[in-house]
1. With n ≥ 4 as the cut-off for DSSP H runs, can you work out [θ] at 222 nm for the chain, using -39500 (n - 2.57) per run divided by the number of residues, rounded to the nearest 500?
2. For a quick check: with amide H placed at 1.01 Å from N, whose amide H comes under 5 Å from Ala21's, ignoring anything fewer than 5 positions away on the same chain?
3. Computing the accessible area with a 1.4 Å probe over protein heavy atoms, can you report the carbon and sulfur percentage for the chain?
4. I need the phi-derived Karplus couplings for the stretch 49-58: 6.51 cos²θ - 1.76 cosθ + 1.60, θ = phi - 60°, integer Hz, Gly and Pro marked x.
5. Residue by residue, what Karplus-based ³J(HN,Hα) values in Hz, rounded to whole numbers, does the stretch 118-123 have, using 6.51, -1.76 and 1.60 with θ = phi - 60° and x for Gly and Pro?
6. Classify the stretch 1-91 from the C-alpha gyration tensor, please: rounded if a/c falls under 1.5, else prolate or oblate depending on whether a/b exceeds b/c.
7. Hey, with R₀ at 22 Å, roughly what FRET efficiency would Met38 and Gln103 work out to, going by the Cβ-Cβ distance, to 0.05?
8. Enumerate the calculated ³J(HN,Hα) couplings along the stretch 73-90 in order (Karplus 6.51 cos²θ - 1.76 cosθ + 1.60, θ = phi - 60°), each rounded to whole Hz, writing x wherever the residue is Gly or Pro.
Amino acid sequence: MEENAPLEREDAQLIEVRTAAIPHVVPTLRTIVADIAMRQDFDLDAVEDLRMAVDEACSMLLPSAADGKLTCVFSWLEGRIEVTVSVVSDRAEHGDETGLSWQLLTALATSARRTVTPANGRYLSRVQLVRESEAASS
């Protein structure tokens, strides 16, 4: 099965969380991304945006988790945080990129994309988002 890809650079920091695909774990994932963002000196608005973006990404994927597992990879380097949330699904559905959840997610992140790839007779459904700090982009 294809693995989640962290930042391209070898010196990026990385945390990978594999957990049950249940709503009760989402607050923990939100807390992890907020802690990373605060340690990277993101402003408070960006920290909250990242918390909400992780929440939206998880909410989009949880219903399609066929094996009951969710993986979330956080990688960061120099004012840039990347989060990849993924589940194994029985369907190749890409999701509705015109819906409110997707619009909210893309407004909260610097960039976001959703992909579905075949994986051992099932599908790996991912949401990848990037958030850059204001200080890093100026």
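1. That calculation yields -10000 deg cm²/dmol at 222 nm.
2. Lys69, Leu70
3. 49 percent
4. With the stated coefficients, the stretch 49-58 comes to 4, 5, 4, 5, 5, 5, 4, 5, 4, 5 Hz.
5. Per-residue couplings from phi come out as x, 7, 6, x, 10, 9 Hz.
6. Here the stretch 1-91 falls in the oblate category.
7. Approximately 0.25, to the nearest 0.05.
8. 10, 10, 9, 8, 5, 6, x, 9, 10, 10, 10, 10, 10, 9, 9, 8, 10, 8
The values are calculated or read from the model by the stated rules, or taken from the named source; none is laboratory data. What you are looking at is a predicted structure, and each value in this text was computed from that prediction instead of being measured. Note that we place each Cβ from the backbone using ideal geometry, even for glycine, and neighbour counts take in every protein chain shown. Ligands, DNA and RNA are excluded from the accessible area calculation, which covers all protein heavy atoms including side chains. Shrake-Rupley method; radii C 1.70, N 1.55, O 1.52, S 1.80 Å.
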